[in-house]
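The values are calculated or read from the model by the stated rules, or taken from the named source; none is laboratory data. In this text the structure is predicted, and so the values were computed from the model without any measurement. Glycine also receives a Cβ, built like all others from the backbone with ideal geometry; neighbour counts cover every protein chain displayed. Accessible surface is based on the protein model in full, side chains and every heavy atom, while ligands, DNA and RNA are left aside. Shrake-Rupley method; radii C 1.70, N 1.55, O 1.52, S 1.80 Å.
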Amino acid sequence: MSADSNTFESVKAAVLSAHKSSTSEEKISFYNRWAENYEQDVAVLDYRAPSLAADCISSHFSSAREAAVVLDVACGTGLVAKHMKKLGFEHFVGVDGSEVMLGKARQSGLYQDLKQCMLGQEPLPVQWGRFDVVVIVGALSVGSAPISTTRDLCNATKPGGFICMTTRCNQDNLEYKAALDSELRKMEEEELWTCLEVTEVKDWERAVSEKEDGYISGVVYLYKKL
C-alpha cells in the first residue's frame with residue numbers, strides 16, 4: 001500500500017469516526033481534535049466545495065468586492081475565506097462551533113470578527129440584514145446543521161445580497177438533501193429569495209463511506225435575497 005493510500009485510509013477512518021458522534025458535544029470535541037490536521041486531511045480527500053462555492057459567488061457578484069462584507073458560517077479553519085480572498089473579497093466574519101477551529105481561522109488573519117455558535121441550538125450571533133454575502137460550506141448535511149439554519153442565513157443577508165450553500169449527494173445524505181431542497185423551494189415561494197444557480201458537481205470529494213467508491217457528487221446553491 002502506498003503512502004498516499006495509507007494517508008487516505010487514515011483520513012477516511014477519522015471522518016467515519018466523526019459520523020458516529022451522536023451529541024453536539026462529541027461533534028465539537030471531534031472538530032477540536034481535527035483542527036490541527038484539518039486542511040491537510042481535506043486536501044487528501046480532494047475536497048473541492050470551498051473553491052466551488054467561492055467561484056459560484058464570484059461569477060454572480062458584480063459590486064465592489066473590496067467593500068463587501070461576507071459572513072462565513074461553519075467557517076472552520078478559513079478555507080472558504082482563503083478562496084474568496086483570491087477573488088477580491090476582503091471583509092470576513094466567521095462563525096463556527098469549534099473554538100480550536102476558530103483559533104486556526106484567527107491565525108489566518110482573514111477575519112475581522114470570529115464568533116462561536118452551535119448551529120440549530122442558538123441564533124447566529126450576528127446582526128440581521130448586515131451581510132452582502134452569506135456562505136455555508138460543508139455543514140448542511142445529515143448530522144450537522146439543521147435545515148432550519150437556512151432561514152438564519154437569509155435573515156443575516158442584506159436585501160439584494162447573496163446566499164451560497166453546499167450539500168453532498170452521497171447515499172447517506174439523500175434524505176437530508178431532499179428535505180433541504182423542499183425548504184429552499186418553500187422559502188422561494190414565500191418570496192424570501194430567488195434562486196440564481198443550482199449546480200451539481202460530479203467529483204465533489206473522495207468517498208469515505210463503506211458503501212461508495214471513487215468520488216461522491218455535491219451541489220452548490222446560490223440565492224439572492226429579495
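Here is the figure for the stretch 154-173: residues that are open to solvent by less than 30 Å² (accessible area, probe 1.4 Å) and under 17 Å from the mean Cα position of the chain (by Cα) total 12. Here Tyr176 passes the criteria (1) within 14 Å of the chain's Cα centre (by Cα); (2) part of a helix (DSSP H, G or I) except the one numbered (1). Residue-level check: of (1) more than 17 Å from His60 (Cβ to Cβ); (2) surrounded by 15 or more Cβ atoms within 10 Å (Cβ to Cβ); (3) of a type outside the set (Val, Ile, Thr); (4) touching a strand residue (DSSP E or B) at 6+ places or on another chain (Cβ under 6 Å), Glu200 misses just (2).
Okay, residues lined up against (1) open to solvent by 20 Å² or more (accessible area, probe 1.4 Å); (2) out of contact with any strand residue (DSSP E or B) (no Cβ under 9 Å at 6 or more places or on another chain):
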| site | (1), (2) |
| --- | --- |
| Thr23 | yes, yes |
| Asp41 | yes, yes |
| Cys56 | no, no |
| Ala67 | yes, no |
| Val73 | no, no |
| Ala81 | no, no |
| Phe92 | no, no |
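Does Glu90 meet the test of being of a type in the set (Asp, Glu) and more than 19 Å from Thr166 (Cα to Cα)?
Yes; evaluated as a whole, the condition is true for this residue.
With respect to (1) open to solvent by less than 30 Å² (accessible area, probe 1.4 Å); (2) under 15 Å from Ala139 (Cα atoms), the lone exception for Lys27 is condition (1).
Looking only at residues in the stretch 177-188 that are of a type outside the set (D, E, K, R) and out of contact with any strand residue (DSSP E or B) (no Cβ under 7 Å at 6 or more places or on another chain), the one that is surrounded by the most Cβ atoms within 10 Å (Cβ to Cβ) is Ala179.
The condition (being assigned to a strand (DSSP E or B) and either under 28 Å from Val15 (Cα atoms) or open to solvent by 50 Å² or more (accessible area, probe 1.4 Å) (or both)) is satisfied by just one residue among Glu212, Glu191, Glu205: Glu205.
Against the numbered list (1) open to solvent by 50 Å² or more (accessible area, probe 1.4 Å); (2) closer than 18 Å to Gly138 by Cβ; (3) in contact with a Phe, Trp or Tyr (Cβ under 6 Å, 6 or more places away or on another chain), Ser217 comes up short only at (1). Mind listing just one residue for me: the one in the stretch 19-56 that is touching a helix residue (DSSP H, G or I) at 6+ places or on another chain (Cβ under 6 Å) and of a type in the set (S, T, N, Q) and, of those, nearest to Val133 (Cα to Cα)? Only one residue tops the list, namely Ser51.
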